[in-house]
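No value in this document is a laboratory result; all are computed from the given coordinates. Everything quoted here is computed from the prediction, not taken from an experiment. All Cβ positions, even for glycine, are placed from backbone atoms using ideal geometry, and neighbour counts span all protein chains on display.
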Amino acid sequence: MNAVPHSPEWSPSSWTSRPAQQQPSYRDPVALKHAVDSLGRLPPIVVSWEVEALRQQIAEAQRGERFLLQGGDCAESFADCDSGQIARKLKILLQMSLVLLHGMKKPVIRVGRFAGQYAKPRSTDTETRDGVTLPCYRGDLVNRPGFTAAEREPDPELLLRGYERAALTLNFVRALVDGGFADLHHPEYWDLGFMKHSPLADQFRQIAASIADSLDFFEAMSGSQVHEASRAPFYASHEALHLLYEQAQTRFIPRSERWYNLSTHLPWIGMRTADLGGAHVEYCRGISNPVGVKVGPSMDAAWVQGLAHTLNPHKEAGRLVLIHRMGAKNVEAKLPGLIESVRATGVPVLWVCDPMHGNTESTAAGVKTRRFENILAELEAAFRVHRAMGSYLGGVHFELTGEEVTECTGGARGLADADLAKDYRSQVDPRLNYEQSLELAMRISTLARSA
Ligand code: PEP
Ligand code: CO
């Protein structure tokens, strides 16, 4: 952590004067410049008034009036940019939001980890297999996962391919929502697909039926349809890791006289790049989007206070989202002090719990996994700690998929270590599958009620 004060001047490229972690090294500067320049000329993926609407909703969540659900893949892949997978990802987020809405009786802000989640921080720059050392895979925005020198070479063209995939994804999401996919009357809400035989199916059907009854009642009474709920948008988010990509999509909006990152609604700073004096904090402090920061167990009071002051110097509502990812065993010890330190700054924040990234482990066979019971334990502890401190835990952040994968163990079906091999697809972190995700939403709505 380097606490050199930030100068008041900021520009989309002022981060280049700071140490930048996790950036790929490209071999051909001319090709890189060409790709970044092209990206800078292309239209934005989102628009500033959507970003402002989200900021407003986050401000409401900070006051306890909304709850935020953020979820999606650890890393999106270009190959998975297909209609079925995108629709299934929306569907699980929709169904989870319905369960949360029912349990908490407050509107849910739905934010996908999608349409740009293509760059990954790595713990080492290189990977060695059988004596061969190559650059590590940094996500489809940078290079390719195959273990050959050609595939691991960072390729500037991928910045453009990533931008295009992000735009295609969000275009499809918008069309689905406009076409009624997120309408409470739409069957997607109620269809449980392959989960029909799950022990959770009955509970979900009861929740769905209870909401349908309330809707029918309201619509019969008022003679009108509930439109507000039917068009609730999905916002996009990704880790703002690859700073040339983010910079190229940063635009000045004369009407509001503010800079926005228009590659996504909600960019976040990952734990490995949250140094106070680092390039990522410098870049994010100048954009007007709501900004998330991952808060890990090694952060101390001075660090989170520095983040709060630097990223939200004017104490604006809806601006800062702190996503704690402590690990089940660290929450009770670490979280109270952090809540207290942030409170002392007077900077408003939305607290969100990511129960995934502090609970990653390897099985005896060396498979990267997460255990459902640890994920749940971190959530339980987080709700408990916030309640005990008079603070509001206003959201959750998951790595999940709408597919029937076997990457995390546990859950109602009791997936064991030996089951992981059945359908393990992630190139990076293990995700909750459809059924595990829905089960967690049910558990959270009970936890939040008792909180
Ligand atoms: C992630 O969200 O995929 C991630 C890398 O998280 P963190 O920065 O919290 O480790
Ligand atoms: Co991850």
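Across region 18-32, rounded Karplus estimates of 3J(HN,Hα) from the backbone phi angles (6.51 cos²θ - 1.76 cosθ + 1.60, θ = phi - 60°) give 10, x, 10, 7, 6, 8, x, 9, 8, 7, 10, x, 5, 5, 5 Hz, Gly and Pro being marked x. Net charge in the neighbourhood of P348 (other residues with Cβ under 11 Å of its Cβ; Lys, Arg +1, Asp, Glu -1) is +3.
Residue-wise HN-Hα couplings along region 295-303, as the Karplus relation 6.51 cos²θ - 1.76 cosθ + 1.60 with θ = phi - 60° gives them from phi, are 10, x, x, 8, 7, 9, 4, 4, 5 Hz; Gly and Pro carry x.
In region 14-450, one over the average inverse separation of all distinct C-alpha pairs is 22.2 Å, which is the Kirkwood hydrodynamic radius.
Amide H contacts under 5 Å for V291: L320, V321, restricted to partners 5 or more places along the chain or on a different chain, H placed in the peptide plane at 1.01 Å from N. Panel order for D202, D183, D130, by other beta carbons found within 10 Å of each beta carbon, from fewest to most: D130, D202, D183.
Computed from label points 7 Å out along Cα-Cβ, the spacing between T363 and E316 is 4.7 nm. Summing charges over all other residues whose Cβ lies under 14 Å from the Cβ of A301, with Lys and Arg as +1 and Asp and Glu as -1, gives 0.
Taking 0.36 nm per residue of separation and subtracting the current Cα-Cα distance, fully stretching the chain between D130 and D28 would add 33.9 nm.
With a simple spin-label model that places each label point 7 Å from the Cα along the Cα-to-Cβ direction, the separation between H186 and F217 comes to 2.6 nm. Contact order for the chain, expressed relative to its length and based on alpha carbon pairs under 8 Å spaced 6+ residues apart, stands at 22 percent. Computed from backbone phi, the HN-Hα couplings of region 311-319 come to 8, 9, x, 9, 6, 7, 6, x, 8 Hz, rounded to whole numbers (Karplus: 6.51 cos²θ - 1.76 cosθ + 1.60, θ = phi - 60°; Gly and Pro given as x). Electrostatic tally near P154: other residues with Cβ closer than 12 Å to its Cβ, Lys and Arg +1, Asp and Glu -1, net -3. Applying 1/(1 + (r/R0)^6) with r as the Cβ-Cβ distance of Q225 and Y424 and R0 = 35 angstrom yields a FRET efficiency of 0.20. In straight-distance terms, cross-link reach from K334 covers every one of the lysines whose alpha-carbon lies under 17 Å from its own, apart from those fewer than eight places away in the same chain; here that gives K294.
Along the chain, the exposed loop sites are trypsin sites (Lys or Arg not before Pro) outside DSSP states H, G, I, E and B with at most 11 other Cβ atoms within 10 Å, and the longest stretch free of them is 256-451. Between T16 and V36, the simple spin-label model (points 7 angstrom out along Cα→Cβ) gives 0.5 nm. Here's how it looks for H238: its modeled amide H is under 5 Å from those of L266, W268, which are all 5 or more places away or on a different chain. Arranged from fewest to most other beta-carbon atoms within 10 Å of their beta carbon, V293, V47 become V47, V293. Summed over qualifying helices (DSSP H, 4 residues or more, each -39500 (n - 2.57)) and divided by its residue number, the chain shows a 222 nm mean residue ellipticity of -12500 deg cm²/dmol.
Straight-distance candidates among the lysines for linking to K422, with alpha-carbon spacing under 19 Å and chain neighbours fewer than 8 residues away dropped: K368.
DSSP finds beta bridges in the chain, and of those with both partners inside it, around 25 percent are antiparallel.
As a proxy for reagent exposure, ranking E157, E380 by other Cβ atoms within 10 Å from fewest up yields E157, E380.
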